[in-house]
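Below is one structure, written out as structure tokens; the observations come after it.
The values are calculated or read from the model by the stated rules, or taken from the named source; none is laboratory data. For clarity, every value in this text was computed on a predicted model and none was experimentally measured. Cβ: placed from backbone, ideal geometry, glycine included. Neighbour counts: every protein chain shown.
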Amino acid sequence: MSKSKIVVRSIKERRFTQVPIDKIEVINPRARDEEHFKEMVRSIAELGLQNPICVNERRFKKTGKYDLVYGEGRLEAFQQLSKTHIEAEVVNIGEDQALLEGLAENLTRAKKNVIHFAKLILQMHERGMNYNELAKITGKSARTMNDYIALMQKGEERLIRGVEEGIFSTTFAMKVIESTDGDIQNFLMNAHMQGEIALRHVGSITKLLNERAKKGLPNTDMTIKKWQAIAKKKTEENKIFVAEAKVKQNDAIHLKECLRTLWKDEEFIKMTDGLKDLPKPELKGKY
């Protein structure tokens, strides 16, 4: 698919006709925004269809069906309005080209369907298109395309919506999916959306909550205040641990110096002559 590109057809080359709705098959169905769909139905009922859909006749002789390239919302609106035919541009193109045209149509919308867009990106990548090629088509970076695909492969639709709506950065989204625990992911997303945590905190929060999950401690009712209390307690425990370790280190150093002094004393050496397993530090050694 790496050599595929969007083909621009002139008006003379384009073919429009009334297509029976029951002869159209939706290849890549997508989720529907109910409020937007209701408005679309109302608009079509009052003003008629403003933009024709697009169908592919490539498999028509074999299946007796046109494959929908784009315009699923408009098609469903016509079905709800009990229409039998819909105006469509009829094309004869391969599957790769159909995916490209579906993506191109999605990009031109004022408000694109984010998840449908991401699914198309994933499909095109699985068919051989690399990140740089996808970046040129979408106007996004190759790194963003890589992240989109990783998020879709893990089924992280909420994160993708957040990225497209400017709530999350792709960097934040990728940090969130480092944890496979759904409760932790929800906590991170909700807290970030509410402005309670910054990107720099995600790593430490994830580590702490993962530790709790491994111990069998619940994170389902975790809140920022609870996390801050747990983090504060852990910080205090770490300070106590470091202080105790420092005391033990100082004691060990002092003991070693005492042993060094004793092993320099001739009387002590005579007293211990013949005794086994006595600690004897190297005089030139460092602690």
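T63 - would you say it is without any contact (Cβ under 8 Å) to a residue 60 or more places away in the chain and hydroxyl-bearing (S, T, Y)? Yes, satisfied.
Check whether at least one residue in the stretch 76-93 is modelled with pLDDT under 85 and assigned to a helix (DSSP H, G or I), and report yes or no. No. Taking the stretch 52-104 as the range and being exposed (fewer than 15 other Cβ atoms within 10 Å of the Cβ) and closer than 14 Å to R15 by Cα as the test, only N92 passes. Residues that are of a type outside the set (A, V, I, L, M, F, W, C), modelled with pLDDT of 75 or more, in a helix (DSSP H, G or I) and out of contact with any strand residue (DSSP E or B) (no Cβ under 6 Å at 6 or more places or on another chain) do not occur anywhere in the stretch 221-242. Looking only at the stretch 151-163, which residues are surrounded by 16 or more Cβ atoms within 10 Å (Cβ to Cβ) and in a helix (DSSP H, G or I)? Correct list: L151, M152, R158, L159, I160, G162, V163. Within the stretch 136-148, the set of residues being under 17 Å from the mean Cα position of the chain (by Cα) and surrounded by fewer than 19 Cβ atoms within 10 Å (Cβ to Cβ) comprises K140, S141, A142, R143, T144, N146.
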